[in-house]
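Engineer: Next up is a structure, given as structure tokens.
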Amino acid sequence: MSRLSEPLPDELISALGAMGISDLYTHQVTAIEAVRSGKSIVVVTSTASGKTLCYNLPVLESLLKHGGTEGTEKSTSFYLFPTKALAQDQLRGLRRYADLEPSLARVMKAGTYDGDTPPNTRRKLRDEASIILTNPDMLHQGILPYHTRWARFFSA
């Protein structure tokens with residue numbers, strides 16, 4: 001086990017504790033530290049090794065710090081998965097954090113943006129969501145051709 005140079009926010013520590021997670025593995029710490037420093041990462045480990053924490057924790061940490069309070073820019077994230085089913089599964093995992101920690105529920109507005117998403121929900125996600133989970137087909141057919149509408153997500 002390894003420790004982060006700066007601890008996670010208390011809200012994340014609380015949610016992780018409720019999930020039975022008290023420590024992070026070395027690859028998770030390395031990934032989180034890299035993301036915190038603005039680097040891109042690729043995590044390749046065996047099944048059920050905690051890869052999801054490598055991206056969920058920095059995203060949730062950013063939402064807590066930059067969740068769009070008055071006068072600040074909202075933090076946004078795209079999650080790209082190869083299938084709709086995997087995106088739905090990952091959304092359930094994200095919602096678990098919000099269920100365990102009310103402050104995360106206030107800053108995390110997440111949803112899947114795929115072929116089954118109704119048009120009014122698509123608009124609402126594009127305009128209000130902090131995390132959108134999608135797939136390559138939808139990215140190429142429903143998002144990139146309308147990139148000007150997605151400026152909130154695509155701007156750095």
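The values are calculated or read from the model by the stated rules, or taken from the named source; none is laboratory data. What you are looking at is a predicted structure, and each value in this text was computed from that prediction instead of being measured. Ideal geometry is used to build each Cβ from the backbone, glycine not excepted, and the neighbour counts take in all protein chains shown. The area values use the complete protein model at the heavy-atom level, side chains included, leaving out ligands, DNA and RNA. Shrake-Rupley method; radii C 1.70, N 1.55, O 1.52, S 1.80 Å.
Engineer: Among the residues of segment 1-20, which ones are out of contact with any Ser or Thr (no Cβ under 8 Å at 6 or more places or on another chain), open to solvent by 50 Å² or more (accessible area, probe 1.4 Å) and in contact (Cβ under 8 Å) with a residue 12 or more places away in the chain?
Structural biologist: 3, 5, 6, 14, 18
Engineer: Please give the number of the condition residue 78 fails out of (1) touching a strand residue (DSSP E or B) at 6+ places or on another chain (Cβ under 6 Å); (2) open to solvent by 60 Å² or more (accessible area, probe 1.4 Å); (3) part of a helix (DSSP H, G or I).
Structural biologist: (3)
Engineer: Can I ask one more? Restricting to segment 103-115, name every residue that is in a helix (DSSP H, G or I) and crowded, with 20+ Cβ neighbours inside 10 Å.
Structural biologist: Those that are in a helix (DSSP H, G or I) and crowded, with 20+ Cβ neighbours inside 10 Å: 104, 107.
Engineer: Mind checking which pairs have a first residue in segment 89-105 that is among the polar types (S, T, N, Q) and a second that is open to solvent by less than 70 Å² (accessible area, probe 1.4 Å) and in a helix (DSSP H, G or I), Cβ under 8 Å, 6 or more apart or different chains?
Structural biologist: Listed pairs, sorted by first residue: 90/52; 103/11; 103/64.
Engineer: Next question, about the same structure. Suppose we keep only residues that are surrounded by 12 or more Cβ atoms within 10 Å (Cβ to Cβ) and not in a helix (DSSP H, G or I) within segment 116-144. Which one would you say is farthest from the chain's Cα centre (by Cα)?
Structural biologist: The residue in question is 117.
Engineer: Now a separate question. Starting from residues that are within 15 Å of residue 4 (Cβ to Cβ) and of a type in the set (A, V, I, L, M), keep the ones in segment 34-58 and report whichever is surrounded by the most Cβ atoms within 10 Å (Cβ to Cβ).
Structural biologist: Checking each candidate, the answer is 57.
Engineer: Which of (1) in contact (Cβ under 8 Å) with a residue 40 or more places away in the chain; (2) in a helix (DSSP H, G or I); (3) within 12 Å of the chain's Cα centre (by Cα) is the odd one out, the single condition residue 54 does not satisfy?
Structural biologist: The one condition residue 54 does not meet is (1).
Engineer: Here's a follow-up. When you check residue 48 against the structure, is it aliphatic (A, V, I, L, M), part of a loop (DSSP other than H, G, I, E, B), over 17 Å from residue 36 (Cα atoms) and over 15 Å from the mean Cα position of the chain (by Cα), yes or no?
Structural biologist: Taking the combined requirement at face value, the residue satisfies it.
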